Each structure stands twice: as structure tokens, then as C-alpha cells.
Amino acid sequence: MIDSLTVWQALIVAYLCATVLSALVWGVQPYLRSRRLQALKTRERVRFSSDVHTAPAGIEHRPNRAGYWLGALLWALLVALFGHSPLLIGAATALFATLFWRKLFVESEFHTVQRYAFTDRGIWIFPARHGLPVWKKPHEVFVSWRDVDAYKIEGVDLLLHRDEQFVVRLSFKPTDYERLLGLLADRELARMEVSDRIWVAQFDEHAFYEWEEEISRMGWNLLDLYADEFEELHLVPEFGVMRNMPGNRLLDEYARSWLQLNVLDIDTHEKRLTSTFALWHSNGALGQFTGLRGQELVDALQEWFRRVLQESAALGQPDEEVVS
Amino acid sequence: MNDIAFWIGMGAALLLWYLFYGANALVRSWLLRKQRREQEVLAEFEIDQGRLPLQRRWTGLPLGLGLLLFVILYVTDPPGAFGYQKLRFVNGYVFANLVLTLPLFLLLVRTRTFRTERVVFDRAGVSFYLRRSGWVGGGTFVQRLSWANCFGYSVGKGQILFALQPQGHLEQQHGGHRRAFEAVLAQVGLQKLISYDVVYERELAENELTELEARVLRMAEDVIQGYASECAALGIRIQAERMDATELGEASEPFAFLRLGLWVDNEREHQIDWLLWADYGGEIEQLGLADDRLYEALDDRVHTLIERRVQQLGQPQRRARLQ
């Protein structure tokens, strides 16, 4: 009687111990992360904080439950064999309960989510834990702004470099793309490439149409600054956004969108020079999307206009046209 | 034969071994049957991924459990408390593990569950039944991609690349079933994102490139026929020819292209070249458009040629008006 009672007690105690243990090893990690984030917010000025799923979007994994059934069966077998020994029953229960809880925690959403925060001092990355116990691998990685000087974007990865040496990779949500570009432009980090290589499905067409209009309006405003110089050269600019596909096919293969600056003769309106500035180019699966925003974009456009002016000045006057 | 506990121990070992490893086939076929019952299956493919070297960690689990039992019994258990029958049971268990497990693993690595991946297309998506090489509770049995999350696909070196919504792609071996895969994908209305396929030479069916050339030429003739009245009105002739590297007289990798030429009075005024295939040393890039998109693309090109002629005719007229 006492024996069977002790077995039951051992069973319950082992189960409770396993639960507490796995909660400490895997379960408290979300709490720790939010504590760290709170501490970070009181310590530094956080500009932007977001999270991202590290598991590939769109692919569903059916959770594998076979292990649970097999575990339960093994446990029953061990109970049948060692039912007389509270110690062994307790050990088996603790083992299987820990494995069970571990599987549940590891499959939880938290363990696939990476968090990051941009502060005035640098970037704090809280990597996805992928079921690691609490003592393994650092919970946060800090990259100071002093450690990086350039960046490029590939797909949904931000690659930060220093002296052309790769420093750190940070994944982000596709919806945070514009926000990140703005932040990086504010930090005055250099772009390694003018265009970002992004997935075509990530490209927001409708936002792009609005942006095209905005950029063309801004281009005209900037061109007004050069109006006198154009007039001196007896030229008139013609500027706009061009596409080689209708709007609803901008994601298709070979689709491109670019800014075009034509320089026309003021009298005859004959085209003297044409120059382009690429905005978007799709190869069907991947696209090159210019990542210039804000002041960077203004600077790039101004430099382009200046270059076109120089070139058209170098062209000089055309030969007199002979009209019979 | 009166030592029944020993035999039960051996049976338990075999049963456990089966539950740990052999049941992969059972669970996989159960999931497969479930999908077949719930969805309208369009096509199934089996892709042999070949042998995996046998890894020690796969064999370790039942044997380790047996040894653990053995140690517990003979080292920690007070003599007599356990009982003769149970002792014989554990002896049988450990004996079966030592003697039978390795041959069973040698059988296991030859099974289809171990070697092949199964791809099942249905109306709502595609399921990949991954090959099962570990114990039954580890890893995942089936990955699923629903068409709602799929943006399109392209074909590259032995693989179908499913583009995901909104980012990333899934690389899936087609195991030589490239054309069948593409037929199913066309059936569910998934668009091809990149018009050129990259395929290994060994994947190509016999005469596939010649058939491609013939198909494009035939369709080009059809398209040109459709513009017969325009051509007659403009006094031009459009001709489609198949050209290849040797005809260009340059030393290069073999390739072939379609030349659409616009002829006026036996003189070629304009031409549009369109690459059909190119061989980059065993890797062949070939035009992989389905009939509808091929027609559209050819129509675009012929139309462009005619437009050019119209523009060319238009220009002197305007100049004449200036005079």
C-alpha cells in the first residue's frame, strides 16, 4: 500500500519537476526577451523595433505527433516493467515529460521569431532561439553604428558591412522595407549598390505608382533650379517616368520603369540627348529596385541632371539643318 | 520453448524497433491517404533521392534503451526483487537488439520511404512527403505549399523553384519529371516567371530541342499568316527562319535562334532575333514558354516589325509636308 502510494507520489513529483524544469529552460525565454527590451528602452533611445519570422513564409509544416504516442507507449512499457520501483518510474516520467514539454516549447511561435531594435547607439538583435535552452548562445547581439559603414539589401536581408567586410545579416519583414530604408538613410550609412535586389512578390506595385508620381513631381521641381542653365544652352528639358510595360504588368519578366530626361532644342524641339535613371527592373523572380530615398534621392537626381547638362553643353550646337 | 519471456522480450524489441523506424512508412501512407481522401489529387510523383549513408545516431536509440535496461537490471536492481520472468524478458530484448537491429537497418535503407520523396499535387496546393531517414518522432513528414502562398515558378538545373508570397523560394527536385510537373502547374494556373529554363543536358528528352525549334517556327508561321493583309497593304514580307551559331560564322557555344526578318523588295530592312536555346557546356538554356505565351510573344515581335515599317513609311511623308 505504502509502496504504490510512493510510486504515485514519485510520478506526480517527477511530472511537476519536469514541468518546472522545462518551463525554466525553454518557457521563460519570451519573458526574458521582453525584460531585456524594456531595459533597453529605458537605457537607450529606440528608433524602431520590429520582429520577423525566420521560418520561410508560406510553407506549412505539419507538426509531427508520432513522437508523443511513441513516448507514451515507452513510458507505459517502463511502468509495466519497473512498476515496483518509485525511483525508476519517477526518472522515466521526468524524462518523458521533459521531452514532451520541450517539443511543445520548441514548436511555439516565439522560438522562430527574431526581434531587433534600432537605437541611437546601434542595432540590437535578439536572434530566434530555435528551441535552444536558456544558457546556450547569446540572447542579444549588439552591433554599434561605429562598426558598420555600408549596407546592401538582398531580398529580406539587410547586410551590414565595414570596410567592404561583411559584419552582420539582419532579416526583416517585407512590410518594414521602406521604414528601414528611411532609418538607414538617416544614419548616413553608404549604400553599396544603388539598387536593392528584392523578391518580385515583395514589390508593392500600388505604392510604387504613387512613388513614381511623387518622384516625377520632385524631378520637375529640381529641374526648375537648372532652368536658366538650360536656357543659356538653348535647350529645354523633357522629363518623366517611363515604363516598357503597362502598369498592371510591372512584375512581369523584363518589365522596367525608369526616369527619362530628354534634352530638346528650344526652337525646333528636336531631341538632342536622352538619359535614363533606372527605378525598377524585374527578371520575373527577382527585381532591382532603386533603394534611394529622401535626401539621397535628391542628391542622386541633382547629380544626374548636372551630368546631363555637362554632356549637352559638350555636344554644342548642331549643324545647320538644310531644308530644301 | 518454455522460455516464453525471452521470446516476448525479443518480440518487444522488434516491435519497438518497428515503432521507432519502420512506422515511418505507416505514418507517411496514412497522411497520404488522408490527403487523397480530403483533396482532389491531380498528380503524384515519386522522386528517388538515392542512398544515404547509415548514421550511427539512427541505430542508437533502441539499442541504447536496451543497454540502459540491462545496466539497470544487473547493476542497480537488488537480486530477486525483479523476478526471473522479467529478467528473461530483458535478456531477450537486449539480445534481439544486438543481433537483429543491424540487418533490419540494412533493410530499412532500401525502402522507398527512406529513399524517395513523394510530391502530391492537388487543387489547393502541393504536399511534399519528405524522405524519412530518422526515427518516427523527429523531423517532419510533410511540407505543404498552398497555391495561395505561391507566386509562380521557374525551372532551374534539375529543380522547380516555387516563388513564395511574399518572399523567398522553395527549391524542389523534379527528378526527371520536369515536363509532367510543368503540365500540372499549368493545369492549376500557376504562372511561369522566367521564360528560359535552365536544364542539364541529361535531362533533355531526345529531339526536345528540335521539337522546340519546329514548334516555334510553326507558330511563327501562324502568327505571320494572321498579319497577311497588313503585310500585303504595306508591300512587305515577313519571314521566320531558324538560325544557329554555325550560320553566324563565329566560334562560340552552340545556340539557335529565331530570326524574324522584314523583307521589302528582296531586301531585308529589319530583323528581330530571339534566342531559342543555348548550350553552356552541359547546361542548356531553352525557351520554356507554353503555347499561349509563346503565341503572345511572337505576336508582339511581328507586330513590332510592322510598326517599325509603318513608322519608317510615316517619316518621309511628314518631311514632305514640311517642304
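Annotations for the structure displayed:
- If the condition is being over 35 Å from the mean Cα position of the chain (by Cα) and either buried (at least 20 other Cβ atoms within 10 Å of the Cβ) or in contact (Cβ under 8 Å) with a residue 40 or more places away in the chain (or both), then region A:271-291 contributes A:ARG272, A:LEU273.
- Pairs where the first residue, in region B:131-150, is within 30 Å of A:TRP199 (Cα to Cα) and the second is among the hydroxyl-bearing types (Ser, Thr, Tyr) and assigned to a loop (DSSP other than H, G, I, E, B), C-beta under 9 Å, 6+ apart: B:GLY139/B:SER133
- Considering residues of region A:73-94 that are without any contact (Cβ under 8 Å) to a residue 12 or more places away in the chain and surrounded by fewer than 19 Cβ atoms within 10 Å (Cβ to Cβ) only, the residue nearest to B:GLY139 (Cα to Cα): A:LEU73
For every residue, the table says whether it meets (1) closer than 30 Å to B:LEU164 by Cβ; (2) modelled with pLDDT of 90 or more; (3) within 16 Å of the chain's Cα centre (by Cα).
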site: B:PHE181; (1), (2), (3): yes, yes, yes
site: B:LEU190; (1), (2), (3): yes, yes, yes
site: B:GLU221; (1), (2), (3): no, yes, no
site: B:ALA228; (1), (2), (3): no, no, no
site: B:LEU248; (1), (2), (3): no, no, no
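- Filter result for A:ASP252 (part of a loop (DSSP other than H, G, I, E, B) and not hydrophobic (A, V, I, L, M, F, W, C)): yes
- When A:VAL113 is tested against (1) within 14 Å of chain B (Cβ to nearest Cβ); (2) under 36 Å from the mean Cα position of the chain (by Cα), exactly one condition is not met: (1).
- For region B:16-54, the tally of residues that are assigned to a helix (DSSP H, G or I) and either surrounded by 15 or more Cβ atoms within 10 Å (Cβ to Cβ) or touching a Gly at 6+ places or on another chain (Cβ under 9 Å) (or both) stands at 15.
- Single match in A:TRP8, A:TRP26 (criterion: surrounded by fewer than 16 Cβ atoms within 10 Å (Cβ to Cβ) and aromatic (Phe, Trp, Tyr)): A:TRP8
- Taking the criterion of being over 26 Å from A:VAL106 (Cα atoms) and not acidic (Asp, Glu), the residues of region A:1-39 that qualify are A:MET1, A:ILE2, A:SER4, A:LEU5, A:THR6, A:VAL7, A:TRP8, A:GLN9, A:ALA10.
- Residue in region A:132-169 that is nearest to A:GLY287 (Cα to Cα), counting only those that are within 14 Å of another protein chain (Cβ to nearest Cβ) and buried (at least 16 other Cβ atoms within 10 Å of the Cβ): A:GLY155
- Test: residue in region B:289-308 that is in a strand (DSSP E or B) and touching a helix residue (DSSP H, G or I) at 6+ places or on another chain (Cβ under 7 Å): no
- Test: residue in region A:236-250 that is of a type in the set (D, E, K, R), in contact with a strand residue (DSSP E or B) (Cβ under 8 Å, 6 or more places away or on another chain) and within 14 Å of another protein chain (Cβ to nearest Cβ): no
- Selection within region A:32-49 - part of a strand (DSSP E or B) and not hydroxyl-bearing (Ser, Thr, Tyr): A:VAL46, A:ARG47, A:PHE48
- Residue ID - farthest from B:GLU40 (Cα to Cα), chosen from residues in region B:147-164 that are touching a Lys or Arg at 6+ places or on another chain (Cβ under 9 Å) and more than 8 Å from chain A (Cβ to nearest Cβ): B:GLY158
- Every listed requirement among (1) part of a strand (DSSP E or B); (2) among the aliphatic types (A, V, I, L, M); (3) modelled with pLDDT under 90 is met by A:VAL143 save one, (3).
The values are calculated or read from the model by the stated rules, or taken from the named source; none is laboratory data. Since we're looking at a predicted model, the values are computed, not measured. Methodologically, a virtual Cβ is constructed for each residue, glycine included, from the backbone with ideal geometry; neighbour enumeration extends over all protein chains shown.
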